[in-house]
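Note sheet for the following structure.
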Amino acid sequence: MTIINWILTGLLIIDTGFIVLALIKKWNLLEKICCALFFPLSVAHPPYLLLQYTPDSYHTFFLSVLALLLTTIALLIFIFTTNKTVKGIGYFVLLAGLLAWGEHFRTIFYIYSMPQWLTILIISVNVMILIAVQIVTGRKKVHGYLSTTLFIAGAELLNVFAVINLIYEQSISTILLFAGTFLNLLLVIFDLLDIKKFNIKHGMLVRTISLTASQFLIAFSCLLVFN
């Protein structure tokens, strides 16, 4: 670990302490601010280490930073606004982050040649998930169906890359990638079902930790590929 990593770790520990304090004292504004800081402080490690130890991996570094930056912006929107239009923008920013990861992992399709039955199976499972979520979330306007479809499809596509990679190569990197993309897919589905309906205590914190875990696992899997 470098000095920068130790500084980031120290700030993350302090931030976590303030989150606990905010929960105990019920200081909502402090909780929001600390949750907003928790994500970037957590996920900054993999890209920095990637640049530090594999300086030639500019493509991976750029897409990792872009995906994490877009996710950070989306999370800030989710934390600090309740306006439906603005939150809708947040979902599309998050989708852009998923597409940035997808751009990085799309070469998996060219590396491995899947049998037809596996392709059909993967497509069928993901289509069924998409239909199920559309049914459960209830009737919407046309643009509601389109945006929901895009959001789920983006998360599913990223998870498909990870599944294919895990089938053909079993390593710590592929396992972490699958865990991260699967957690991300669950979070997307859970979010579309409307987190408020579940009456989960500290739902904002749950979302922040889940999103942080999924993005950290994906980013860290990129780092392990080069080591």
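Looking at (1) closer than 23 Å to SER221 by Cα; (2) open to solvent by 60 Å² or more (accessible area, probe 1.4 Å); (3) among the hydroxyl-bearing types (Ser, Thr, Tyr), which is the one condition that is false for SER64? So the condition that SER64 fails would be (2). Among all residues of region 199-211, there is at least one that is of a type in the set (D, E, K, R), open to solvent by 20 Å² or more (accessible area, probe 1.4 Å) and either at pLDDT below 70 or not in a helix (DSSP H, G or I) (or both). The single residue among ILE24, ILE108, ILE122 that is within 22 Å of LEU150 (Cα to Cα) and either out of contact with any Phe, Trp or Tyr (no Cβ under 8 Å at 6 or more places or on another chain) or of a type in the set (Phe, Trp, Tyr) (or both) turns out to be ILE122. Is it fair to say ILE4 is among the aliphatic types (A, V, I, L, M), assigned to a helix (DSSP H, G or I), surrounded by fewer than 14 Cβ atoms within 10 Å (Cβ to Cβ) and modelled with pLDDT under 85? Here the answer is yes, as ILE4 does meet what is asked. If only residues of region 15-52 that are of a type in the set (A, V, I, L, M) and surrounded by fewer than 13 Cβ atoms within 10 Å (Cβ to Cβ) are counted, the one that is nearest to LEU217 (Cα to Cα) is VAL20.
The residue pairs whose first member lies in region 114-138 and is assigned to a helix (DSSP H, G or I), whose second member is hydroxyl-bearing (Ser, Thr, Tyr) and open to solvent by less than 30 Å² (accessible area, probe 1.4 Å), and whose beta carbons are closer than 8 Å, counting only pairs six or more residues apart or on different chains, are VAL133/THR148; GLN134/THR148. Taking the stated definitions as given, is THR81 without any contact (Cβ under 8 Å) to a residue 40 or more places away in the chain, of a type in the set (Val, Ile, Thr), over 19 Å from LEU185 (Cα atoms) and surrounded by fewer than 13 Cβ atoms within 10 Å (Cβ to Cβ)? It is false that THR81 is without any contact (Cβ under 8 Å) to a residue 40 or more places away in the chain, of a type in the set (Val, Ile, Thr), over 19 Å from LEU185 (Cα atoms) and surrounded by fewer than 13 Cβ atoms within 10 Å (Cβ to Cβ). Considering region 157-180, and only residues there that are open to solvent by less than 10 Å² (accessible area, probe 1.4 Å) and not hydroxyl-bearing (Ser, Thr, Tyr), the residue that is nearest to THR212 (Cα to Cα) turns out to be GLY180.
The values are calculated or read from the model by the stated rules, or taken from the named source; none is laboratory data. This one's a predicted model, so the numbers in the text were calculated from it and none came from an experiment. Here Cβ is always computed from backbone atoms with ideal geometry, including for glycine, and neighbour counts include all displayed protein chains. Heavy atoms of the whole protein, side chains included, go into the accessibility calculation; ligands, DNA and RNA do not. Shrake-Rupley method; radii C 1.70, N 1.55, O 1.52, S 1.80 Å.
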